[in-house]
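The values are calculated or read from the model by the stated rules, or taken from the named source; none is laboratory data. Fair warning: this is a prediction, and the values are worked out from it, not measured in the lab. Glycine gets a Cβ as well: all are built from the backbone with ideal geometry, and neighbour counts include every protein chain shown.
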Amino acid sequence: MAFAADRYERMRYRRCGRSGLMLPAVSLGGWQAIGGYRDDEHSKRIVYTAFDLGITHFDFANNYGTPAGASEALFGRLIPELPREELVISSKAGYRMWPGPYGEWGSRKYLIESCEASLKRLRVDHVDIFYSHRFDPDTPLEETLGALETLVRQGKALYAGISSYPDPHFSNAVDIVRARSWAPITIHQPYYHLLAREAEREVLPTAERAGVGVIAFCPLAQGLLTDRYLAGIPTDSRAAQEGGSWLRSTLTPDRLDKARRLDVIAKRRGQSLAEMSLAWLLKDPRVTSVLIGASSPEQVRTNVRCLDSPPFSPADLTDIDAACA
Ligand SMILES: NC(=O)c1ccc[n+]([C@@H]2O[C@H](COP(=O)([O-])OP(=O)(O)OC[C@H]3O[C@@H](n4cnc5c(N)ncnc54)[C@H](OP(=O)(O)O)[C@@H]3O)[C@@H](O)[C@H]2O)c1
């Protein structure tokens, strides 16, 4: 399989915190884009387009796809055609994956069993990043982090990460692994986009202080921060799918109005709303990468154009904040 010879020329790679790992500024998530609600051949075209554009990082979790695990299994079928050493593949465990008391949250039992199962589905002997997908209030943090440490020591994961850990649990996690000389928390994956700024309060400052990289998930608010829903809900959109009821519930008149006002600013800047939304996140050096989803190769191409974004003037930034308020 021949991939674009110039694939490393257009993408920008950013250091993940103070680690040695470089991530593409734009990464692709497998939740819906790979093994989601499109067929395998379509997902494959999205993956290959992404890789040709220099997207080397593909993000999964045990429960992505329909049924849960389908995203990893589909990517596992593609792996033999992809150069494994050029890829950063991540997976996570935290949400319900199998029945019974060991099928979710943050116990050592669940995390290690789940990672083993992900490796089998992905058909690899290690993932590059393995995450605790959510903070577990009932399991000692030492146990969850100890499981990540074990996976790294066993070579089943190269780096450890956490996702959606609010403070103080994020800073506690950093302190615990440091005190015990365990695998450092290399990356945090928070929910972060123009209309959801909670990560700015504690996650970004803690990440900067601790030298942890940040990859923003749902950077386009599942499509709200694109032109997708500005004039109604298209029948082929994620929100129109059977499982799209939560997304539909977020498409309120107020949020759509904000998206339309942001779209006016994006047009004034000569770019699409999707490009502006991603460029806005990436203007912060603490954000290592934006973790996009896409339902077509064209969406991936558009989103990577955020790298050619004009700089934000102080007036742009003020107008953007006003539109989001
Ligand atoms: N850690 C966690 O707890 C967590 C949770 C959720 C997600 N994630 C990660 O984040 C990844 C991305 O999530 P997401 O898919 O919700 O991200 P997103 O980038 O916010 O939304 C992607 C959706 O936006 C629309 N879109 C994307 N580019 C577009 C464009 N240029 N023009 C018009 N519409 C466009 C598409 O909707 P249509 O499908 O309607 O075309 C696409 O499916 C996931 O795959 C997963 O890896 C992590």
Just name the residue that is farthest from the ligand (Cβ to nearest atom) out of those in the range 221-264 that are free of Cβ contacts under 8 Å to residues at least 12 places away in the same chain and surrounded by 16 or more Cβ atoms within 10 Å (Cβ to Cβ). G244
The correct count of residues that are of a type outside the set (G, A, S), within 18 Å of A73 (Cα to Cα) and touching a Phe, Trp or Tyr at 6+ places or on another chain (Cβ under 9 Å) in the range 1-50 is 6
Name the residues in the range 162-177 that are in contact with a helix residue (DSSP H, G or I) (Cβ under 8 Å, 6 or more places away or on another chain), away from the ligand (no atom under 16 Å from the Cβ) and either aliphatic (A, V, I, L, M) or more than 19 Å from C16 (Cα to Cα) (or both), would you? D167, N172, V174, I176, V177
Tally of residues being in contact with a helix residue (DSSP H, G or I) (Cβ under 6 Å, 6 or more places away or on another chain) and either of a type in the set (D, E, K, R) or closer than 19 Å to R15 by Cβ (or both) across the range 178-218: 10
Which residue, of A50, A73, A33, is of a type in the set (G, A, S) and more than 13 Å from the ligand (Cβ to nearest atom)? A73
Report the residue count in the range 13-31 for those that are in contact with a helix residue (DSSP H, G or I) (Cβ under 6 Å, 6 or more places away or on another chain) and either among the hydroxyl-bearing types (S, T, Y) or not in a helix (DSSP H, G or I) (or both). 3
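Among what's in the range 80-95 and is within 13 Å of the ligand (Cβ to nearest atom) and not in a strand (DSSP E or B), pick the residue that is nearest to A68 (Cα to Cα).
So the first thing to find is which residues in the range 80-95 are within 13 Å of the ligand (Cβ to nearest atom), and the list is 88-95.
Keeping just the survivors that are not in a strand (DSSP E or B) gives 94-95.
On the way: G94: 13, Y95: 11 Å.
The residue in question is Y95.
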Given the conditions (1) over 16 Å from the mean Cα position of the chain (by Cα); (2) away from the ligand (no atom under 11 Å from the Cβ); (3) under 30 Å from Y13 (Cα atoms), which single one is not true for L282? (1)
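Only one residue in R134, R121 is in a helix (DSSP H, G or I) and either modelled with pLDDT of 95 or more or surrounded by fewer than 21 Cβ atoms within 10 Å (Cβ to Cβ) (or both), so which one is that? Break it down stepwise before answering.
Values: R134 fails: in a helix (DSSP H, G or I).
Exactly one residue qualifies, and that residue is R121.
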Subset of the range 32-66, residues assigned to a helix (DSSP H, G or I) and small (G, A, S), comes to A33, S43, A50
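Looking at S181, S171, S164, can you tell me which residue is modelled with pLDDT of 95 or more, of a type in the set (G, A, S) and in contact with a His (Cβ under 9 Å, 6 or more places away or on another chain)? Walk me through how you get there before you give the answer.
Numbers: S181 fails: in contact with a His (Cβ under 9 Å, 6 or more places away or on another chain); S171 fails: in contact with a His (Cβ under 9 Å, 6 or more places away or on another chain).
The conditions single out S164.
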